[in-house]
Amino acid sequence: MSRFDIPAEPDTLSVDLVRTAFIIIDMQRDFLEPGGFGAALGNDVSLLAAAIEPCRRMLAFARAGGMMVIHTREGHRPDLSDAPPAKVERGEPEKRIGAAGPMGRILIRGEAGHDIVPELAPQPGEPVIDKPGKGAFYQTELDLMLRNRRIETLFVAGVTTEVCVHTTVREANDRGYRCLVLSDACASYFPEFHEVGLRMIAAQGGIFGWVASTDAVLAALAA
Ligand code: TIU
């Protein structure tokens, strides 16, 4: 039996775990640690640390149960050929995408800051989607990979709630996936945006998807 009813906002979500993927959005050092992209934008990066442990618990469950696990990373080629000038040319030049920082060049693939935090490091066989934008579907193979596995539902976690998590959930929703956002496994530099971002997903009868805590999901899946 792989079907479970998960208590969520705005209502119970029935999921088939065989057709569910756990997608962890951009839990990279560039967003969570000092000296990366998040800090260059003027943010207090310590606010994102709270999402690590809930992500780790869901990841452990998913791995133990053989669920599809997908990691994403936001970043660009070293020559910036995949980075729109409109994205790069913001803020002070020494803090822009591609500038040198303590974890290497900011938001550039292959640099230390681009890595996923060690607690959530991908295991061999788990796809890592490198994305140039905020959404994980834009200019990536994610949709193809999910369709090939007949995935219908996404458990979504990561950072930041109102930016890359929201953009990805909106993209997924329009493509016909049911998205369950794990409220405490996401985080924002702006606590109020986190709260309102989650409310926006579940409002209007679940206009973008469903929201539940990691504990609520794990308890339902253990039943
Ligand atoms: N700035 C911010 O909140 N987020 C990003 O730029 N990217 C992601 O959310 N991953």
**Asked** Within the range 21-40, restricting attention to residues that are crowded, with 24+ Cβ neighbours inside 10 Å and assigned to a strand (DSSP E or B), which residue is farthest from the ligand (Cβ to nearest atom)?
**Response** Phe22
**Complete:** Restricting the range 173-186 to residues that are closer than 18 Å to Glu9 by Cα and of a type in the set (Gly, Ala, Ser), the one surrounded by the fewest Cβ atoms within 10 Å (Cβ to Cβ) turns out to be Ser183
**Leading residue by the ranking (modelled with the lowest pLDDT) among those in the range 41-51 that are open to solvent by 10 Å² or more (accessible area, probe 1.4 Å) and of a type in the set (Gly, Ala, Ser)** = Gly42
**Asked** Is it the case that the range 75-90 has a residue that's closer than 30 Å to Ala219 by Cα, open to solvent by less than 40 Å² (accessible area, probe 1.4 Å), free of Cβ contacts under 8 Å to residues at least 60 places away in the same chain and outside any loop (DSSP other than H, G, I, E, B)?
**Response** no
**Fill in**
Filtering the range 141-162 down to residues that are touching a residue at least 40 places away in the same chain (Cβ under 8 Å), at negative phi and within 14 Å of the ligand (Cβ to nearest atom) yields Val156, Ala157, Val159, Thr160
**Item:** From Val196, Val169, Val117, Val165, residue being surrounded by fewer than 23 Cβ atoms within 10 Å (Cβ to Cβ), within 16 Å of the ligand (Cβ to nearest atom) and under 15 Å from the mean Cα position of the chain (by Cα)
**Value:** Val117
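The values are calculated or read from the model by the stated rules, or taken from the named source; none is laboratory data. These numbers come from a predicted model, not from an experiment. As a convention, Cβ positions derive from the backbone with ideal geometry for all residues, glycine included, and neighbour counts pool all protein chains shown. Heads up: the accessible areas ignore ligands, DNA and RNA and are worked out on the full protein's heavy atoms, side chains in. Shrake-Rupley method; radii C 1.70, N 1.55, O 1.52, S 1.80 Å.
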